[in-house]
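Have a look at the structure below, then the notes.
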2 protein chains.
Amino acid sequence: MDRTRLVVVGGDAAGMSAASQARRRRGPDELEIVAFERGRHTSYSACGLPYLAGGLVDDWRRLVARTPEEHAKRGIEVRTRHEVEAIDLGGRRVRVRDLNRGVVTDEAWDVLVVATGAEPIRPPIPGVDLPGVFGLAALQDGIDLRAAIDEKPEAAVVVGGGYIGLEAAEALVNRGVPTTLVDRGEHVMSTLDPDMSARVDDAVRELGVELLLAEPAEAVEGDRNGVKAVRTVARTIPADLVVLGIGTRPRVALAEAAGIPLGETGAIVVNERQRTPVDGVWAAGDCVEARHLVSNRPVNYHLGTIANKQGRIAGINIGGGYATFPGVLGTAVTRVCGVEVARTGLAAAELAPLGLEHEADTTESTTRAGYFPGAGTIAVKVLAERRSGRLLGGQIVGREGAAKRIDVLATALWNRMILHDMVNLDLSYAPPFSPVWDPVLIAVRRLSEKVEKRLGEHW
Amino acid sequence: MDRTRLVVVGGDAAGMSAASQARRRRGPDELEIVAFERGRHTSYSACGLPYLAGGLVDDWRRLVARTPEEHAKRGIEVRTRHEVEAIDLGGRRVRVRDLNRGVVTDEAWDVLVVATGAEPIRPPIPGVDLPGVFGLAALQDGIDLRAAIDEKPEAAVVVGGGYIGLEAAEALVNRGVPTTLVDRGEHVMSTLDPDMSARVDDAVRELGVELLLAEPAEAVEGDRNGVKAVRTVARTIPADLVVLGIGTRPRVALAEAAGIPLGETGAIVVNERQRTPVDGVWAAGDCVEARHLVSNRPVNYHLGTIANKQGRIAGINIGGGYATFPGVLGTAVTRVCGVEVARTGLAAAELAPLGLEHEADTTESTTRAGYFPGAGTIAVKVLAERRSGRLLGGQIVGREGAAKRIDVLATALWNRMILHDMVNLDLSYAPPFSPVWDPVLIAVRRLSEKVEKRLGEHW
């Protein structure tokens, strides 16, 4: 019997997790695995790029979880600097360009994993392709930005106040570069509700970032020697370094051109086993849709956690096992400008379009017992369905030790818990870790009382 | 109509939570509330006592969440230094001694809350009542121990390596007092499995505590001027200060003498609403039993979290509402000697007597992404039912940021989750907080694979 040939398109989290899991279940005699990666690196931490750029992580090699050589030792061939240019579904081939030699070949597959990830959104304004304008999506971007910061730019502008933009701004300020962050929205971190993201605004300003909100960038000015300024609707900001942090979108041009169906989010459609509607074609990571477990709607998040889990599921199934990916909650966390920020489930603005009436409450508490040295503030916002008290989402902004508590809310959401039951959750307590009522439980208790009072009034 | 009179016996977490909740629902016109507390203080943090003794918290007043005067302002009369000496269930009276004046009076009640808490176990060895021997249960104990440490003892012995004993030993060492800890067990922290508590042993020794295990104390030696040494089965250890940290037991003599039924754990029996079998008599906190949600057996834990929640439930019900306390998981956390220690659910030694066959796995990982500055080790142990993969318990020992993750396992246990489903839990990730697979999920994934492999072999 001939060996099955698995081709993986994309050598980062999702693709290589799929390859690894398939290999664990099927040896090289049964299954050949080849992964094509257009970059130079595999299996690296994209989330670590801002820390690399800022010098908190010194060597880019530390961000690489597994090199092509290490994959090879485990029986997975990775060809870096090889870009897949086309997928032939009928003929089960991919056309691959060797970016070093310029040679194009056709490669056959029996099973295909599409793990092309996401690509940074480049705003449709003049000048975004000038030298000195950086994205921060691939490892090489981080290496390049680091090198640019090492040359001591005089002033930087970050466009966009999402995770990446904020982390980049912090990195720049920490390296002594005067930095302005411009965002079109009323607040940074638009995945939070405004009352919570306003707290992040404050922290960004406290750190010394010049924050310009509700002020879209209109152009990057400069010439072939580099950028000179960013022009917004209100002013021109001199800058010799620009970082784009306005988000990413699924990299699906390849799949779309091949005829692999995309869903309403614009990402690839997969079933619970991570298979696309095309026989033999699997997909995982930033380029695919997942089901949101609160809204039951398809969503497309770009998070390493999801990519790793989906890749694992795809690989188990390809290897002959049976596994399903139940969905996501959009749980995310970051530490920027001295505050920790986390969210899970749905935010207020996401609830109204779903027809979900909700109650919400934001509680301020402390990260440790109030009397314990190092106690910092923590704000916990919880949102619940008005008629049932079912938890719908949570957000946390606070000082050290605050944000990882979001995982309790995520686990409660996963189990569709109602506030009334959550109040009694037996969470841990000791003075170095929380008040005797954990801040999450204080928030839940307060909202539970609010919801029950309201129900009492109506019944 | 006459006012109802609520008498609360014990003015700390459970009793005052009950009083506060009852007051929120019933005004002074309907309900009179009087609490009797034999000590001088109300509503203080017993968990903060080691930090007070060690000087990390400077002023004992900071440990008091609410003073008698503050309770009075909310319409709750607290008589401190008043000890309830007897409860008359038939006549609905309590006999109360004013400890300052020595006067004994009878006080009527319509509704009674028994919240007498726990008392330190004094080992049945000679000399435990000598001056210079300290327990650490009431606020006054902490104040007294602090004063004794301020006098710069030459050497201290701590008897017992549970939470309180370890925290006391750390406080002593941090204050420069050469300290020996003796414990009869093979390891400190006997609520963990031995492989996990051995990690705590190491941390205790690293901090400079002389740790003598499997070495029961046989006597405290000294005279009326103070202690001079602790004698164990193996040696005599000179010491001019001794701290007893061998645990606490429910303070139930008063309830028992009155005829309020005790359960098999030796603590007061209550129903889910926190009512005892005696009409009009409620009880909450360290002196009552709760149902363990994994074993479904009655247990008696002494934890501030449980006391506060149970007091709240009792108070809501007394105030005319309806609330139930579903049970406990024994979730607990501490930070001792540079490591964080946490547990929830059942430990291996608790499973066998219940007839629960289990699989367990201990995983070492890091508290942050491996490349991120400040990443420390974290060991996560998870235990699951062999035939079903249902989570039964979890334990964590690790460096800063490790322990609060226990709350995810507690929330999963609360929802009776199985490992196979937990693997996909959408927990948060960013490099300052965890590897891309949270250490808890790594542990769960590994154990899940182990359980499924075993099931596969048998079927």
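Since every read-out is calculated from the coordinates, none of them should be taken as a lab result. Keep in mind that this is a model prediction, so the values were computed, not measured. In this analysis, Cβ positions are derived from the backbone assuming ideal geometry, glycine residues included, and neighbour counts consider all displayed protein chains.
Taking a ≥ b ≥ c as the square roots of the eigenvalues of the Cα gyration tensor of chain B, is the shape rounded (a/c under 1.5), prolate (a/b larger than b/c) or oblate?
Oblate, because a/c is 1.5 or more while a/b does not exceed b/c.
I need the trypsin sites (Lys or Arg not before Pro) found in the stretch A:170-246, filtered to DSSP loop residues with at most 12 other beta carbons within 10 Å of theirs.
In loop regions of the stretch A:170-246 (DSSP not H, G, I, E or B), the sparsely surrounded trypsin sites (Lys or Arg not before Pro) are A:224, A:235.
Taking the Cα centre as origin and putting +1 on Lys and Arg beta-carbons and -1 on Asp and Glu beta-carbons, what dipole magnitude results for the stretch A:255-312, to the nearest 20 debye?
260 debye
Two decimals is fine: what's Rg over Rh for the stretch A:340-458, C-alpha atoms, Kirkwood radius as Rh?
Reported Rg/Rh (Cα atoms, Kirkwood Rh): 0.98.
Over all distinct Cα pairs, what is the inverse of the mean 1/r for the protein assembly as shown, reported as the Kirkwood hydrodynamic radius in Å?
30.0 Å
In debye to the nearest 20, how big a dipole does the stretch B:339-458 give about its Cα centre with +1 on each Lys and Arg Cβ and -1 on each Asp and Glu Cβ?
40 debye
Give the shape of the stretch B:122-246 as rounded, prolate or oblate, defined through the alpha-carbon gyration tensor: a ≥ b ≥ c are the square roots of its eigenvalues, a/c under 1.5 means rounded, and otherwise the shape is prolate if a/b is larger than b/c and oblate if not.
prolate
Across the stretch B:137-147, in residue order, what do the Karplus-derived ³J(HN,Hα) couplings come to in whole Hz, using 6.51 cos²θ - 1.76 cosθ + 1.60 with θ = phi - 60° and x for Gly and Pro?
Computed from phi, the couplings for the stretch B:137-147 are 10, 9, 4, 4, 4, x, 4, 5, 5, 4, 4 Hz.
Residue by residue, what Karplus-based ³J(HN,Hα) values in Hz, rounded to whole numbers, does the stretch B:46-51 have, using 6.51, -1.76 and 1.60 with θ = phi - 60° and x for Gly and Pro?
Computed from phi, the couplings for the stretch B:46-51 are 5, 5, x, 4, x, 6 Hz.
Along Cα-to-Cβ, 7 Å out, sits the label point; list in nm, shortest first, how far the one on residue B:100 is from those in the other copies.
8.7
Short version: ³J(HN,Hα) in whole Hz for each residue of the stretch A:400-417, in order, from phi by Karplus 6.51 cos²θ - 1.76 cosθ + 1.60 (θ = phi - 60°), x for Gly and Pro, what are they?
3, x, 7, 6, 5, 4, 4, 5, 5, 5, 5, 5, 5, 4, 3, 9, 6, 6
Once you have the Kirkwood Rh of the stretch A:66-116 from its Cα pairs, apply Stokes-Einstein at 4 °C and 1.567 mPa s and quote D in µm²/s.
107 µm²/s
When only DSSP loop residues count, what GluC sites (Glu not before Pro) in the stretch B:146-189 have their Cβ near at most 12 other Cβ atoms within 10 Å?
Counting only loop positions with at most 12 other Cβ atoms within 10 Å, the GluC sites (Glu not before Pro) in the stretch B:146-189 are B:151, B:154, B:186.
Take the alpha carbon atoms of the stretch A:291-337, find their center, do the same for the stretch B:19-70, and report the distance between the two centers in whole angstrom.
Result: 46 Å between the Cα centres.
Mind listing the label-point distances from residue A:453 to the same position on all other copies, shortest first, one decimal in nm, points 7 Å along Cα→Cβ?
In ascending order, 5.5 nm.
Roughly speaking, what is the stretch gain from residue A:253 to residue A:140, that is 0.36 nm per residue apart minus the C-alpha to C-alpha distance, in nm to one decimal?
That pair, residue A:253 and residue A:140, stretches by 38.5 nm at full extension.
Indicate the gyration tensor shape class of the stretch B:142-200 (rounded, prolate or oblate), computed on the Cα atoms with a ≥ b ≥ c the square roots of the eigenvalues: a/c under 1.5 is rounded; otherwise a/b larger than b/c is prolate and the rest oblate.
Judged from the Cα gyration tensor, the stretch B:142-200 comes out prolate (a/c at least 1.5, a/b above b/c).
Of all trypsin sites (Lys or Arg not before Pro) in the stretch B:1-89, which ones are in loop regions per DSSP and have a Cβ with at most 16 other Cβ atoms within 10 Å?
Passing both the DSSP loop test and the Cβ count: B:3, B:40, B:74, B:81.
Name the residue farthest towards the positive end of the dipole of the stretch A:302-400 from the options A:304, A:396, A:346, assuming +1 on Cβ of Lys and Arg, -1 on Cβ of Asp and Glu, about the Cα centre.
A:304
Of the listed pairs A:404/B:450; A:381/B:450; B:152/B:404, which have alpha-carbon separations greater than 30 Å here?
A:381/B:450; B:152/B:404
Can you give the FRET efficiency to the nearest 0.05 for residue A:279 and residue B:387, using r as the Cβ-Cβ distance and R₀ = 41 Å?
It comes out at approximately 0.65.
Where the centroid of each part is defined by its Cα atoms, how far is the stretch A:244-273 from the stretch A:409-426 in Å?
Value for the Cα centre distance between the two parts: 33 Å.
With the crude spin-label approximation of a point 7 Å out along Cα→Cβ, what separation in nm comes out for residue A:110 versus residue B:74?
It works out to 7.0 nm between the two label points.
In nanometres, what is the gap between the two model label sites at residue B:98 and residue A:101, each 7 Å from Cα along Cα-to-Cβ?
For residue B:98 paired with residue A:101, the spin-label model returns 10.0 nm.
Divide the volume of the convex hull of the Cα atoms of the stretch B:253-379 by its number of residues and quote the answer in cubic angstrom per residue.
Given the Cα convex hull of the stretch B:253-379, per-residue volume reads 156 Å³.
Given 0.36 nm per residue, what is the gain on full extension from residue A:224 to residue A:186 after removing their alpha carbon distance, in nm?
10.4 nm
Report relative contact order for chain A in percent, whole number only (criteria: Cα-Cα under 8 Å, sequence separation at least 6).
Worked out over chain A, it gives 14 percent.
Could you work out the relative contact order of the stretch A:57-205, using alpha carbon pairs under 8 angstrom and six or more residues apart, expressed as a whole percent?
11 percent
Given R₀ = 35 Å, what would the calculated FRET efficiency be for residue B:210 paired with residue A:24, taking r from the Cβ atoms and rounding to 0.05?
Efficiency, rounded to the nearest 0.05: 0.15.
Treating the point 7 Å from Cα along Cα-beta-carbon as the label, what are the nm separations from residue A:234 to the other copies, to one decimal?
7.1
Where the only charges are on Cβ atoms (+1 Lys, Arg; -1 Asp, Glu), what is the dipole of the stretch B:123-166 about its Cα centre, to the nearest 20 debye?
120 debye
Among A:147, A:165, A:243, whose Cα lies farthest out toward the positive end of the dipole of the stretch A:122-246, if unit charges sit on the beta carbon of Lys, Arg (+1) and Asp, Glu (-1)?
Among A:147, A:165, A:243, the one farthest towards the positive end of the dipole of the stretch A:122-246 is A:147.
Rounded to the nearest 500, what is chain B's calculated 222 nm mean residue ellipticity when only DSSP H runs of at least 4 contribute -39500 (n - 2.57) each, over all residues?
Computed ellipticity for chain B at 222 nm equals -7500 deg cm²/dmol.
From Cα pairs below 8 angstrom and at least 6 apart in sequence, can you work out the relative contact order of the stretch B:339-458, rounded to a whole percent?
In percent, rounded to a whole number, it is 31.
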